[in-house]
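The values are calculated or read from the model by the stated rules, or taken from the named source; none is laboratory data. This one's a predicted model, so the numbers in the text were calculated from it and none came from an experiment. Cβ placement follows ideal geometry from the backbone for every residue including glycine, while neighbour counts extend to all protein chains displayed.
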Amino acid sequence: MTALPPAPHYPGRNPRPDPSLFAPALSGLEGLTPTELAASPAFAGGLAAFRAGFYWEAHEFWEAVWSALPQASAERELLRGLIQLANAGLKRRMGREGAVARILPLAEAALREARRRGGESLMGIDAAVLLALQVRIQDETAV
């Protein structure tokens, strides 16, 4: 498991984490299949960071996975939705409700499209897990 920084990063409010913290998990993703990417430390790191409320960090992990996925794939759409969900969580934590209101529908649309294209389970994430992640952001309160 990739270590997380001592506290979540909030852009403009606290220092950005050292990129070397993420580097081991993010290396070697290019050329991997969606199944291999789903088993990667980067994908797992994003999920663990998200669940711990480290939304900026989740985005950092998942963006590398997203860019390694095939264009126009259901998996890439899933990652787009997860990244947007993490962004909505970050904005909610920062008290930027207008941004949350704009980003959440985009996340939900991407996640719906991923399920439409790829079925009920993609990269080990099924509808119940997606719902739990979405509910977490909807229930999140600003810091």
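Within region 27-49, is even one residue farther than 23 Å from A110 by Cα and charged (D, E, K, R)? Taking every residue of region 27-49 in turn, none turns out to be farther than 23 Å from A110 by Cα and charged (D, E, K, R). Residue count for region 50-89 satisfying the condition of being within 20 Å of G12 (Cα to Cα) and among the small types (G, A, S): 5. Within region 83-108, the set of residues being surrounded by fewer than 18 Cβ atoms within 10 Å (Cβ to Cβ), among the small types (G, A, S) and in contact (Cβ under 8 Å) with a residue 24 or more places away in the chain comprises just one member, G95.
Could you check region 8-35 and list, in sequence order, the residues that are exposed (fewer than 13 other Cβ atoms within 10 Å of the Cβ) and outside any loop (DSSP other than H, G, I, E, B)? Selection gives P19, S20, A23, T35.
The single condition among (1) over 23 Å from P24 (Cα atoms); (2) surrounded by fewer than 20 Cβ atoms within 10 Å (Cβ to Cβ); (3) of a type in the set (D, E) that E77 does not satisfy is (2). A72 meets the conditions (1) over 19 Å from R115 (Cα atoms); (2) of a type outside the set (D, E); (3) modelled with pLDDT under 95 in every case but one. The failed one is (1). Residue-level analysis places A107 outside the set of residues that are modelled with pLDDT under 95, small (G, A, S) and more than 26 Å from D18 (Cα to Cα). As a summary of the residue check, L37 satisfies the conditions (1) closer than 18 Å to L133 by Cα; (2) touching a residue at least 60 places away in the same chain (Cβ under 8 Å) except for the one numbered (1). Listed by first and then second residue, the pairs linking a residue in region 44-60 that is assigned to a loop (DSSP other than H, G, I, E, B) to a residue that is surrounded by fewer than 24 Cβ atoms within 10 Å (Cβ to Cβ) and not charged (D, E, K, R), with Cβ atoms under 6 Å apart and 6 or more places separating them unless they lie on different chains, are F54/L4; F54/P8.
Do we have any residue at all in region 85-95 that's farther than 15 Å from R136 by Cβ and in a helix (DSSP H, G or I)?
The answer is no; no qualifying residue exists.
Can you work out which of the residues in region 61-84 that are assigned to a loop (DSSP other than H, G, I, E, B) and aliphatic (A, V, I, L, M) is nearest to L111 (Cα to Cα)? That would be A72.
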